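The values are calculated or read from the model by the stated rules, or taken from the named source; none is laboratory data. Just so it is clear, the structure is predicted and the values come from calculations on it, not from any experiment. Backbone-built Cβ (ideal geometry, glycine too); neighbour counts: all protein chains shown. The protein model used for the area step is the full one, side chains on, heavy atoms only, and it has no ligands, DNA or RNA in it. Shrake-Rupley method; radii C 1.70, N 1.55, O 1.52, S 1.80 Å.
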Amino acid sequence: MLIASLSLPEQGVLTLAALILLSSFLLLAQVRLDSLINTFALQGALIFLATVFMAFISGKYHLLISAALTLFLKVFFIPGQLRLLVVRLNIRREVEVIGNPMLVMLFAAGLVLFSYYVALPIRELSLLSTRNTITISLAVVLIGMLMVISRRKAVAQVIGFMSMENGLFFAAVVSTHGMPMVVELGIAFDVLVAVILFGVFFFHIRTEIGSLDTDRLNHLTEVDR
Amino acid sequence: MSGLLWAIIKTLCVILLAPLMAGWVKWLKCRLQNRRGAPPWQPYRDLLRLSRKNVVIAESASWIFRMAPYIVFSVTCLAVSTVPVVTVQLPVAALADVIALVGFLALGRFFLALAGMDVGTAFGGMGSSREVTISSLAEPALLMAFFTLAMNVSSTNLSTVIGELGRRDLTLYPSLIFAAMGLVLVAIAETGRIPIDNPSTHLELTMIHEAMILEYSGRHLLLMEWASMLKLTLFSLLIVNLIVPWGVALTLAPADLAFAALIVTGKLMLWGMMLAVSETIQAKMRLFRAPQYLGLAFILSMLGMMSHIVLEVR
Amino acid sequence: MTLAIAEAAVILALLSAVVPAVLFAHPRLLSRLAFVLLGAAGLAACVAGGQALLSQTSQQVVLPLGLPWLHVSLVLDPLAGLFLFIVGLITCMAACYGPAYVLEYLHQEMGPGILAVFSGLFVSGMFLVLLAADAFSFMLAWELMSVASYFLVVFQHAKLENQRAAFIYLLMAVVGGTFLFLAFGILAGFSDGFSFQTMKGTTLSPTWASLAFVCAFIGFGLKAGIVPLHVWLPLAHPVAPSHISAMMSGVMLKVAVYGFIRFVYDLLGGITWQWGVALLLVGSASAILGVLYALMQHDLKRLLAYHSVENIGIIYIGLGLSMIFQATHHAEIAALALIAALYHCLNHALFKSLLFLGAGAVLQQTRQHDMERMGGLIKKMPVTAVCFLVGCISISALPPFNGFVSEWLTFQAALQGPLLKSGILGAMIPVAAAILALTGALAAACFVKVFGIVFLGLPRCEDIARAKDPSLGMQLSQIVLAVACLAFGIFPTWTVRALNGVTEGLLGNGLTSAIDNGWLWLTPVSPQTASYGAPAVFFGLLASWLIVYALLHPLRRDNRIRIAPPWDCGFGPLNARMQYTASSFAMPIRRVFSFLWLIVEKVEPGGPGTPPRYILRVNDRIWLALYVPIGKLMLKLAERTSYIQGGNLRVYLSYSFFTLLFLLWVIV
């Protein structure tokens, strides 16, 4: 479907989708924890905007509740909590060592192509004007996963996990006009609990191992080396 | 034939007004930093002064050193002549498309870098080495941004691209947004502005462009300085006319042309303002952060192309 | 008539190989005469190829030679004509360059004789490969070319590393030849005979076709030097005498490309897009890795050899694009991509030979291989420097020279990617274009390094002081090639018109739209899509340069040029050791792409009286990851099989006995 044939709000959603993908790439590129958290908040804000747009395009106003939840949780609460954690653990300027950043980025670009390839048959099933975003949301999920793999620090891994959730949520909102309210609330609650649990875990990991580097957990293996 | 005449007049205008653009950015920057600043026409005075000065050439220099300023300047002039400024109807635009434009700039840079190495001082080699490193990363990002535009309108001719974009109704193209972002980042790197290079630095270890032309003087330096101002104007024109294509005249009617000239001047002044602000609030990067910056530009352009294929085509 | 000239070329080349047998007592005369004959052969090939290309006809002849049931048949069509033209031209230039260059080998016992024999065989082998019209004579000529070039590589055999390079070269040539046998075997198995005519008529099942394609891809790819089969190339090309390096790098690789095009487009047919994707991937990898490895080299000729890998990659990108578009029925774009690839073949032959000849001149004058010991040669060797500069600009794909035109055409083909129905292909092709862009930019960086370190700055060793421009013949050949580089860059429309004949023969249609708008404009798809006015660009550049020069250069009395020592920051005189070196010049790029190489960098602390030394070694990862394990495996296997070699005579005889029994059983 040619983009010029869509209405302006729909074009807006597609643009936001592209920007969300960009924010995923930015997450992958950040080396400092505080800017990482800010980028994560930015991704949340973009998803919030996209949800509001979708609510008006589809006329399903219950999406506004999801949008409000997103705004509260992903733009303010979770990033706020993470910031607090970072301050308390005093790891704000911690520079993360990841493999070669350029290679990881190129791999992520490859992931976008791959998800396009995977999403091609799915797209045929949908009649919505915004179905092209399935590729984007899948790519966001995969890149989130890549981030979990390629980072060492637990905080960054949690942000990767959250960004995967962002991708899923975005897919639900944009390509199928939202999940049932119950499911959505449940997920939101889950994420909330997860953040709190992670926060508790961070302190434990740190007190036990003396670092948030999850590679240190390798030493917990049963096998004697 | 009148088209050719117009093209020559346009090129001359851009060449003559280029120092004003550089002076404008410099003046704004000074004002933003609470300094009084030299007036925007100061570069003209500098150029005039340089033209009167004697030329001093190092003993070890060869003919490359003497030829390079002329080549760099004339190549940049030729590049300018292919960029639509106020109208898309000029025949010279067909001379070269964006790929050739990038090629021209690369040719100029090739000789600039050679000139840096000609004298055999450490500074020149350092400047050349840094310049080719940065440009070899910037050039693909630039081409990629242009490719995104080119695929969107299926043409690499600048006048076709600008005309086609100007004719369209307002449509949000994700790919164009990315291409624009990539283009801006690369343009800043290619014109040697903060955060990649500092045009006003004279500290040896931070120089790139200035290190290469350290040995130049007199009219040779004039040409080098003018060429770099011209390059700034060239990229500014590309940015304002590609990202905000409205206002470029689609015909050759005098009223249209005058109006377009006004609009383009306004756009350029605005872009100069943005450049000045960004240079004021940013610091120069370490040299080895530059690849990351350019990598970001490359990824942006590549995302633009992907979003064109994923989101826009079908 | 044309074919007769081509046959004359072959005979002349063979004659030049026979000369030493007659004149072995007079090395100087011998080498003169051999080169004259070789030059005549090149000229004849050039004429024949050019005629075949321009007249766009095809001629065939069956010679009363060869096996009784399989006579050697030759054919000269536009495709063979193009490559014959390229080979002939470069041979001619090498022959013009050679006599003065080989003077240093005159004192060697049998030196000039050996060189003449194998040069002649090598060139005639290449001619015959291009002319062959049946698999049998093709393979025969191919092996002649390989073996003759082996002897040329090993010519300076006193050095141990040369022996090793030649051995690896021979090994790879044998492996490549085996794959070609398999490829032709598959084709011959399904058709009635060995002649290309019958092979063209047969259609294979997709599986067998793909198998034949893979065999040809590996076989020809080994000779062409694509990544990861390139390892022999940077070893073998630099160690041959320079005019031979120019022919090997500039021309022999093209013969491999010719073989590949002939096999896939002409004989095999039924191109699928998967093949195109394979070519695109391998081509992109070769292009980018070739240039990055080249950037790290300090040996001038080895650096140029790595650039051959890069350029073959660019050619393969063009071929891959054309296969993809051909398979998806976009014949116009397929023709565009094929023309881009063929044009790049021609261009690469020109500028790479030019650069090798220039490097040879530098080598002869300074006796230095290492760039780190050169510098300031532009003043000692002005003509060589100008020609080398032209080569540098051309290979860096900068307008208005020839390298730019072919890369521009490749870009234009790649930008038509969105025409494809399959989105995934449409997304992959622009990525290849981006890699091509990166390659071009890095090549420019590399040649700034080469020219800047070798010709500019201050001399880094004493030998430079004695250097001077080489003899007239050596200069002439470089000048001719430099002018050709410029000419093919300024008049692309005529070249494209000539190449149209080749694509018409292979794909069934040419690229008429490209030259519809007069000789001034090159418009691959349509004038609205893209246009490049090469002559106008050149003259515009010249005009604006003249204007600027005239405006700024009035002979004013108060504006004289003063010559002074360069700025030394007030610390006393500068010396050559303060300059940037080749390794320091490439250091930022080495750091950016550090993950690609295995870099060993260390500083040996100096003792009293000895200065500290900085040691840098950049290793090829592919060699370590792919070839070393294969080598180890082969050794291990050999060790295993050596068990059967017990040394006992009776055991050996029993092997023969049991083999005999087995064979008898098989026959029954």
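What does the accessible area of residue C:461 come to, in Å² to the nearest 10, when a probe of 1.4 Å is used?
10
Give me the net charge of residue C:294's neighbourhood, meaning all other residues with Cβ under 14 Å from the Cβ of residue C:294; Lys, Arg count +1, Asp, Glu -1.
Values: positive: C:301, C:302, C:352, C:449, C:590; negative: C:299, C:310, C:620.
Surrounding charge for residue C:294 is +2.
At q = 0.18, 0.19 Å⁻¹, work out log10 I(q)/I(0) for the range B:76-145 with the Debye formula, treating every Cα as an identical point scatterer and leaving solvent out; two decimals please.
Summing over Cα pairs of the range B:76-145 leads to -0.75, -0.80.
Apply 1/(1 + (r/R0)^6) to the Cβ-Cβ distance of residue A:8 and residue B:167, taking R0 = 25 Å, and write down the FRET efficiency to the nearest 0.05.
Working: r = 18 Å, r/R0 = 0.72.
That pair, residue A:8 with residue B:167, gives E of 0.90.
Let's test the formula: R0 of 51 Å, r as the Cβ-Cβ distance of residue C:266 and residue B:265. What FRET efficiency results, to the nearest 0.05? Each step should come with its number before you reach the end.
Details: r = 59 Å, r/R0 = 1.16.
Calculated value: 0.30.
Quick one: pull the percent of accessible area on chain B belonging to carbon and sulfur, 1.4 Å probe, ligands and nucleic acids left out. Working shown, then result.
Numbers: 7180 of 10620 Å².
Of all accessible area on chain B, carbon and sulfur atoms account for 68 percent.
If eta is 0.890 mPa s and T is 25 °C, what Stokes-Einstein diffusion coefficient results for the range B:127-281, Kirkwood Rh from Cα pairs, in µm²/s?
Working: Rh = 17.1 Å.
Roughly 143 µm²/s, to the nearest whole number.
Can you give the helix-only mean residue ellipticity at 222 nm for chain C, where every DSSP H stretch with n ≥ 4 adds -39500 (n - 2.57) and the sum goes over all residues, rounded to the nearest 500 deg cm²/dmol? Working shown, then result.
Details: 25 runs with 446 residues, N = 668.
Using -39500 (n - 2.57) per qualifying helix, the result is -22500 deg cm²/dmol.
Testing the spin-label approximation: label points 7 Å from Cα along Cα→Cβ at residue B:41 and residue C:178. State their distance in nm.
The two pseudo-label positions are separated by 8.0 nm.
Using the eigenvalues of the Cα gyration tensor, what equivalent ellipsoid semi-axes result for the range B:12-136 when each is taken as the square root of five times the eigenvalue, whole Å, largest first? Before the final figure, lay out the partial values.
Working: eigenvalues 137, 118, 48 Å².
Semi-axes, largest first: 26, 24, 16 Å.
Average the reciprocal distances over every distinct pair of alpha-carbons in the protein assembly as shown, invert the result, and give the Kirkwood radius in Å.
Kirkwood radius, the protein assembly as shown: 32.5 Å.
Would you give the gap between the C-alpha center of the range C:76-121 and the C-alpha center of the range C:579-656, rounded to a whole Å?
33
Around residue C:433, what is the net charge, scoring Lys/Arg as +1 and Asp/Glu as -1 over all other residues with Cβ under 15 Å from its Cβ? Write out the running numbers ahead of the final one.
Working: positive: none; negative: B:97, B:139, C:407.
That sum, taken over residues with Cβ under 15 Å, equals -3.
Let's see if you can work this out: charge +1 on each Lys and Arg Cβ, -1 on each Asp and Glu Cβ, no other charges. What is the dipole magnitude of the range A:3-216 about its Cα centre, in debye to the nearest 20?
Details: 14 positive and 11 negative charges, 74 e Å.
In total the dipole reaches around 360 debye.
Just want the answer: with Cβ charges of +1 for Lys and Arg and -1 for Asp and Glu, which residue in B:150, C:472, C:42 is farthest toward the dipole's positive end in the protein assembly as shown?
C:472
For chain B, what value does the Rg/Rh ratio take when both radii are computed over Cα atoms and Rh is the Kirkwood radius, given to two decimals? Intermediate values should be presented prior to the final figure.
Details: Rg = 19.3 Å, Rh = 20.1 Å.
With Rg and the Kirkwood Rh in hand, the quotient comes to 0.96.
In nm, to one decimal, how far is the residue A:35 label point from the residue C:36 one, both placed 7 Å along Cα→Cβ?
Each label point lies 7 Å from its Cα, and together they span 7.2 nm.
Can you give me the long-range amide H partners of residue B:96? Hydrogens built in the peptide plane at 1.01 Å from N, cutoff under 5 Å, separation of 5 or more residues or another chain.
C:533
Say R0 is 41 Å: what FRET efficiency, to the nearest 0.05, do residue C:594 and residue C:665 get from their beta-carbon distance? Walk me through the numbers before you get to the answer.
Numbers: r = 61 Å, r/R0 = 1.48.
Computed FRET efficiency for residue C:594 and residue C:665: 0.10.
Just how far, in whole angstrom, is the range A:3-25 from the range C:294-328 if you go by their alpha carbon centroids?
A separation of 38 Å, based on Cα centres.
Quick one: putting +1 on the C-beta of Lys and Arg, -1 on the C-beta of Asp and Glu, what dipole do you get for chain B around its Cα centre, in Debye to the nearest 20? The partial results should precede the final answer.
Details: 23 positive and 17 negative charges, 161 e Å.
Using only the charged Cβ atoms, the result is roughly 780 debye.
Which value, in Å², gives the accessible area per residue of chain A when a 1.4 Å probe is used on the protein heavy atoms?
47
Any idea what the alpha-carbon Rg over 2.2 N^0.38 Å comes to for the range C:46-125?
Values: Rg = 16.8 Å, N = 80, 2.2 N^0.38 = 11.6 Å.
Cα Rg divided by the expected 2.2 N^0.38 Å: 1.44.
What distance in nm separates the simple spin-label points at residue C:424 and residue C:603, each placed 7 Å from Cα in the Cβ direction?
Going by the 7 Å Cα→Cβ label model, 5.1 nm.
May I ask you to give the percent of accessible area on the range A:3-216 that is carbon plus sulfur, with a probe radius of 1.4 Å?
On the way: 6560 of 9150 Å².
With neighbouring chains kept in place, the figure for the range A:3-216 is 72 percent.
Using all C-alpha to C-alpha distances in the range A:3-216, build P(r) with 10 Å bins and read off the rounded percent in each one.
Binned Cα distances yield the sequence 8, 35, 34, 18, 5, 0.
Calculate, for chain C, the solvent-accessible area per residue in square angstrom, rolling a 1.4 angstrom probe over the heavy atoms of the protein chains. List each step's numbers first, then the result.
On the way: 26040 Å² over 668 residues.
Each residue of chain C exposes 39 Å² on average to a 1.4 Å probe.
Before we go on, tell me the buried accessible area for the C/B pair, both chains summed, 1.4 Å probe, in Å² to the nearest 100. Provide the component values of the computation, followed by the final result.
Details: alone 29540 and 15020 Å², together 38000 Å².
Buried area between the two chains comes out at roughly 6600 Å².
If each Cα of the range B:177-258 is one equal point scatterer, what is log10 of I(q)/I(0) from the Debye formula at q = 0.24 Å⁻¹?
-1.12
In whole percent, and with a 1.4 Å probe on the protein chains, what portion of the accessible area of chain C is carbon and sulfur? List each step's numbers first, then the result.
On the way: 17990 of 26040 Å².
C and S atoms contribute 69 percent here.
Once the other residues with Cβ under 11 Å from the Cβ of residue A:190 are scored (Lys, Arg +1; Asp, Glu -1), what is the net sum?
Numbers: positive: none; negative: A:165, A:184.
Here the count lands on -2.
Per residue of chain A, what 222 nm ellipticity follows from adding -39500 (n - 2.57) for every DSSP H run with n ≥ 4, rounded to the nearest 500?
Details: 8 runs with 163 residues, N = 225.
Value at 222 nm, helices only, nearest 500: -25000 deg cm²/dmol.
Rounded, prolate or oblate: which fits the range C:480-520, taking a ≥ b ≥ c as square roots of the Cα gyration tensor eigenvalues, rounded meaning a/c under 1.5, else prolate when a/b beats b/c? Don't skip to the answer; put the middle values down first.
Values: a/c = 4.83, a/b = 1.65, b/c = 2.93.
Verdict is oblate for the range C:480-520.
Quick one: what does P(r) look like for the range C:420-510 with 10 Å bins over all Cα pairs, in whole %?
12, 17, 33, 21, 11, 5, 0
What share of all Cα pairs of chain C, in percent, falls into each consecutive 20 Å distance bin?
17, 51, 27, 5, 0, 0
Show which aspartates and glutamates lie in cross-link reach of residue C:223 when reach means a straight Cα distance below 12 angstrom and same-chain residues fewer than eight apart are skipped.
The qualifying aspartates and glutamates are C:143.
Could I get the Rg over Rh figure for the range B:190-314? Both from C-alpha atoms, Rh via Kirkwood, rounded to two places.
Values: Rg = 18.4 Å, Rh = 17.5 Å.
A ratio of 1.05.
Using only helices, what value at 222 nm comes out for chain B when you add -39,500 (n - 2.57) per DSSP H run of length 4 or more and divide by the total residues, to the nearest 500 deg cm²/dmol? Don't jump to the answer; show the numbers that get you there.
On the way: 11 runs with 217 residues, N = 314.
It comes out at -23500 deg cm²/dmol, rounded to the nearest 500.
Enumerate the lysines that residue A:153 could reach by cross-link, defined here as Cα to Cα under 26 Å, with residues fewer than 8 away along the same chain left out.
Cross-link targets: A:74.
At a probe of 1.4 Å, how much accessible area disappears from chains A and B on forming the pair, both sides counted, to the nearest 100 Å²?
Values: alone 11760 and 15020 Å², together 24610 Å².
The summed interface area works out to 2200 Å².
How big is the charge dipole of the range C:296-397 about its Cα centre, in debye rounded to the nearest 20, if each Lys and Arg gets +1 on its Cβ and each Asp and Glu gets -1 on its Cβ? Numbers along the way, then the final one.
Details: 7 positive and 5 negative charges, 95 e Å.
Magnitude of the dipole: close to 460 debye.
Would you kindly derive the ³J(HN,Hα) couplings of the range C:348-363 from the backbone phi angles with the Karplus curve 6.51 cos²θ - 1.76 cosθ + 1.60 (θ = phi - 60°), listing them in order in whole Hz, with x for Gly and Pro?
Those phi angles translate into 5, 4, 5, 6, 6, 5, 4, 5, 5, 5, x, 4, x, 4, 4, 4 Hz.
Between the chain alone and the structure with every protein chain in place, find the residues of the range C:577-596 that drop at least 50 Å² of accessible area; heavy atoms, 1.4 Å probe.
The answer is C:580, C:585, C:588, C:591, C:592, C:595.
Convert each backbone phi in the range C:661-668 into a coupling constant with the Karplus relation 6.51 cos²θ - 1.76 cosθ + 1.60 (shift: θ = phi - 60°), then list the ³J(HN,Hα) values in order as whole Hz, x for Gly and Pro.
So the Karplus estimates, Gly and Pro as x, are 4, 4, 5, 4, 5, 5, 5, 5 Hz.
Ordered by residue, what ³J(HN,Hα) values in Hz, to whole numbers, does the range C:287-300 give under the Karplus form 6.51 cos²θ - 1.76 cosθ + 1.60, where θ = phi - 60° and Gly and Pro are x?
Karplus values, whole Hz, x for Gly and Pro: 4, 6, 5, x, 6, 5, 5, 4, 4, 8, 8, 10, 7, 4.
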